[in-house]
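Novice: Below is a structure I'd like to ask you about.
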Amino acid sequence: MDAENWTYRLQRALPMSSRALLLVNRYARQGEKRLSEAIHCLEQLGFDLIEESAEDPKQLAEVIVRHQHEIDLVIIGGGDGTLNAAVDALVDTQLPLGILPLGTANDLARTLGIPNSLNEACKVIAYGELRRIDLGWVNGKHFFNVASLGLSVKITQRLTKEVKRRWGIFAYAATALRVIWEARPFSAEIKINGKSFRVKTVQIAVGNGRYYGGGMAVVHDATIDDQRLDLYSLEIEHWWQIIPLLPAMRQGRHIYWRGVRTIQGQEIEVYTRKPLPINTDGEITTYTPAHFRVIPEAIGVLVPPIEVF
């Protein structure tokens, strides 16, 4: 959409002034080299910026809380891990969120229809609509996209910053293939709505949004405001059984395959014999036993208007 149409059709800009806290993860794949471009673009659109950085993404929440009374919104440049580091502070402060997709996968931006183009993403923040979205929650930690255990945790543990920076989105596929070859099932108990399921699985994923892991879909019809969690469990015996599933997982159609258990609900519990790490939006943040739930309309995010969403 050209600039003239943006200005004409997107009159519903933020119902507030334009003081914004800009947090860019300089270690994100495009963070450092796109920072000055982002600042210039946002200032041209009328934003009065407070630009901060943190050596450790875990410090982002502290920065947001410290500036909460000086600003009207938070703009975060980075990937899903950077957004995950800030999500708890966004819930606490209820500041609107603007997203600059500067990471490797940018799955939340993909779910929300936010363009990868930096200039277009800035226009979404300036002129877009404020949309309330759900969040997932597990053991006290909020997440946007997916929380999972099993294969995805092993992939996360092997995906170094250097690998992601060098290979980009292809790093996910290459790492996944290596991890799949070593996959071994584990036992778990899933509880939902008074029912219990004992499973032997290589992966349990609980999704709030649609996309995760570099563009894979939890379920083909999942949205980030449907007020439900979508769980799938890969209950296969041999690593090679995953290979034919991979194309279907890109579209969220794996749920129709034999060996894939699917469950939907607002609260889910998962138990394992020993504590297993849980990955939330690409970061290991908690362990089983796990209590998941959906938090409806938890925060506001600036997205493209409904006409182009």
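The values are calculated or read from the model by the stated rules, or taken from the named source; none is laboratory data. Because the structure is a prediction, the values reported are computed rather than measured. Neighbour counts are summed over all protein chains in view; Cβ atoms, including those assigned to glycine, are modelled from backbone coordinates with ideal geometry.
Novice: Sort through Ile299, Ile268 and tell me the only one that's buried (at least 19 other Cβ atoms within 10 Å of the Cβ), modelled with pLDDT of 95 or more, within 16 Å of Ile224 (Cα to Cα) and not charged (D, E, K, R).
Specialist: Ile299
Novice: If you check Glu51 against the conditions, is it assigned to a loop (DSSP other than H, G, I, E, B), free of Cβ contacts under 8 Å to residues at least 60 places away in the same chain and at negative phi?
Specialist: Here the answer is no, as Glu51 does not meet what is asked.
Novice: Now a separate question. Only residues that are more than 20 Å from Arg261 (Cβ to Cβ) and under 12 Å from the mean Cα position of the chain (by Cα): list them for the range 210-230, please.
Specialist: Listed by number, the residues that qualify are Tyr211, Gly214, Gly215, Ile224.
Novice: Kindly establish whether Ile243 is modelled with pLDDT under 80, surrounded by fewer than 16 Cβ atoms within 10 Å (Cβ to Cβ) and more than 30 Å from Asp56 (Cβ to Cβ).
Specialist: yes
Novice: How many residues are of a type in the set (Lys, Arg) and part of a loop (DSSP other than H, G, I, E, B) when one looks only at the range 121-142?
Specialist: Residues that pass the stated criteria total 0.
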